[in-house]
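Everything below concerns the one structure shown next.
The values are calculated or read from the model by the stated rules, or taken from the named source; none is laboratory data. Worth saying up front: this structure is predicted, and the values here are computed from it rather than measured. Note that we place each Cβ from the backbone using ideal geometry, even for glycine, and neighbour counts take in every protein chain shown. Ligands, DNA and RNA are stripped out before the accessible areas are found, and what is left, the full protein with its side chains, is counted by its heavy atoms. Shrake-Rupley method; radii C 1.70, N 1.55, O 1.52, S 1.80 Å.
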Amino acid sequence: MIRGCIFDLDGTLLNTLGALTYTTNLVMEYFGLRRIDEAHIRQFVGDGYKLLMERSLRFAGDETLEHYEESLTVYTDYFAQYCMYQVKPYDGIPELLESMKARGLRIAVLSNKPHARTVENIETIFGRGYFDRIYGEQPGVPKKPDPAGVNRILREWKIEPDECLYLGDTNTDMQTGLGAGLITVGAAWGFRGREELEAFHPCFVADSPSEVLDKIVRNDYS
């Protein structure tokens, strides 16, 4: 039986693509570079804002990354203002979370988004104290797919990897969950889609949060 679930944030719990695209394009505009469409931002996110800036600058024409170091500060400043822009939970996520909590499962968020913005996203949408743990990118803790963040939560909860689900929407998430030995689930409703997720052979890939709930009810994760 599972006792907890660790969720990715962007593309899994919340649709944050509007905020990420808007903020990234403010940075591109700041440096006089061309705008980037949502389809490409969707592919650039998931590995933290530093790689988002590197990928975006190259795509927008700064192939030598002349503006890279400054872009990190500019992005951080803009994102502090606009990280909630158009952010909303995916259909079925509130019901999935409520059902998990009603069954006594612990729930956590583990994101490569900066920690303060991760907390702001989650607490604005779901309220303070709703999740048992919220962790974004923090100094001294390696980003996903390194399992350090997952292992930290497991230690705090005093549960084993096979007692915990990991739910995410990107290749980084699949590597994270599988690498830590968790029951790893792909969220095909997110930023990347089923093909990318299935390539890593997670326990299963769900097209909707209701499918995840059905698996929990039946205690069948195949």
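Here are some notes:
- Scope the stretch 77-106; condition under 21 Å from residue 206 (Cα atoms), open to solvent by 90 Å² or more (accessible area, probe 1.4 Å) and outside any helix (DSSP H, G or I); matching residues: 88, 91, 103
- Considering residues of the stretch 150-176 that are touching a Lys or Arg at 6+ places or on another chain (Cβ under 8 Å) and of a type in the set (Asp, Glu) only, the residue farthest from residue 190 (Cα to Cα): 156
- Checked against the criterion of being in contact (Cβ under 8 Å) with a residue 12 or more places away in the chain, more than 12 Å from the chain's Cα centre (by Cα) and buried (at least 22 other Cβ atoms within 10 Å of the Cβ), the stretch 122-145 contains not a single residue that satisfies it.
- The stretch 43-64, subset within 24 Å of residue 144 (Cα to Cα) and more than 21 Å from the chain's Cα centre (by Cα), residue surrounded by the most Cβ atoms within 10 Å (Cβ to Cβ): 57
- Residue tally, condition open to solvent by 10 Å² or more (accessible area, probe 1.4 Å) and at negative phi, over the stretch 160-181: 9
- Which numbered condition residue 116 fails, given (1) in a helix (DSSP H, G or I); (2) more than 25 Å from residue 157 (Cβ to Cβ): (2)
- Of all residue pairs spaced 6 or more apart or on separate chains, those with beta-carbon atoms under 6 Å, a first member in the stretch 57-76 that is touching a residue at least 40 places away in the same chain (Cβ under 8 Å) and a second member that is open to solvent by less than 40 Å² (accessible area, probe 1.4 Å) are 71/27; 71/53; 74/27; 75/27; 75/53.
- Answer residue from the stretch 1-42, given it is open to solvent by 10 Å² or more (accessible area, probe 1.4 Å) and of a type in the set (S, T, N, Q) and is farthest from the chain's Cα centre (by Cα) among those: 21
- Within the stretch 172-201, the set of residues being part of a loop (DSSP other than H, G, I, E, B), over 22 Å from residue 142 (Cα atoms) and at pLDDT 95 or above comprises 188, 189, 190, 191, 199, 201.
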